[in-house]
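Take a look at the structure set out below.
The values are calculated or read from the model by the stated rules, or taken from the named source; none is laboratory data. Everything numeric here is computed off the predicted structure, so don't read it as measured data. Neighbour counts are summed over all protein chains in view; Cβ atoms, including those assigned to glycine, are modelled from backbone coordinates with ideal geometry.
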Amino acid sequence: MHFHGYEWAGDGRLLAKEPERRPIEAARFGLSELPPMMTGWWLLRPAAQVRGTWETAAGAANWLAERYEEHTPGGDPQLPFEARRLRAVEQLEGASDVVWSRWVSDSRWSGHYVVVCPNRIWPDIPCPIRHVARPSVSG
């Protein structure tokens, strides 16, 4: 098991373009950078959309925390940042995908995704990249 990171930030109204977010619309789906409707479907996207690959849940959670903090300074006041990061490690170690996303303004959406690969919910989806034995991003 390893982990792939993905991200998308932009005009949240674009999330209504559901055909681009479903693999049934293969042409649009493969070209779109909008987040898929299901986290495991990220693995169907081109390898160029992978922002990092990690061997450890901690490495993936650290990336998630760094990216989230960059896009949402101060984080979420309802959940202490370190508790959120530690929970992400637990979820990833349990083979569950992790999504940290939120509205950062009236129309701007920021989403950061770590997807377990191979994915237990979508076991027939192959790894989007030739997996290497070391992380592609520090962690």
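The table that follows gives values for the structure above.
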quantity	calculated
Positions within region 98-124 being modelled with pLDDT of 95 or more, assigned to a loop (DSSP other than H, G, I, E, B) and in contact with a His (Cβ under 8 Å, 6 or more places away or on another chain), in sequence order	none
Index of the failed condition, residue 97 passing every other in (1) buried (at least 19 other Cβ atoms within 10 Å of the Cβ); (2) over 19 Å from residue 35 (Cα atoms); (3) not β-branched (Val, Ile, Thr)	(2)
Candidates 20, 55, filtered to the one that is over 15 Å from residue 113 (Cα atoms), buried (at least 16 other Cβ atoms within 10 Å of the Cβ) and modelled with pLDDT of 95 or more	55
Which numbered condition residue 76 fails, given (1) surrounded by fewer than 19 Cβ atoms within 10 Å (Cβ to Cβ); (2) of a type outside the set (A, V, I, L, M); (3) assigned to a loop (DSSP other than H, G, I, E, B); (4) at pLDDT 95 or above	(4)
Pair list, Cβ < 6 Å and 6+ apart or interchain, from region 55-75 residues that are touching a residue at least 40 places away in the same chain (Cβ under 8 Å) and of a type outside the set (D, E, K, R) to residues that are crowded, with 18+ Cβ neighbours inside 10 Å and part of a helix (DSSP H, G or I)	57/89; 57/92; 58/89; 60/92; 61/85; 61/88; 61/89; 64/88
Test: residue 95 is modelled with pLDDT of 95 or more, on the phi > 0 side of the Ramachandran plot and small (Gly, Ala, Ser)	yes
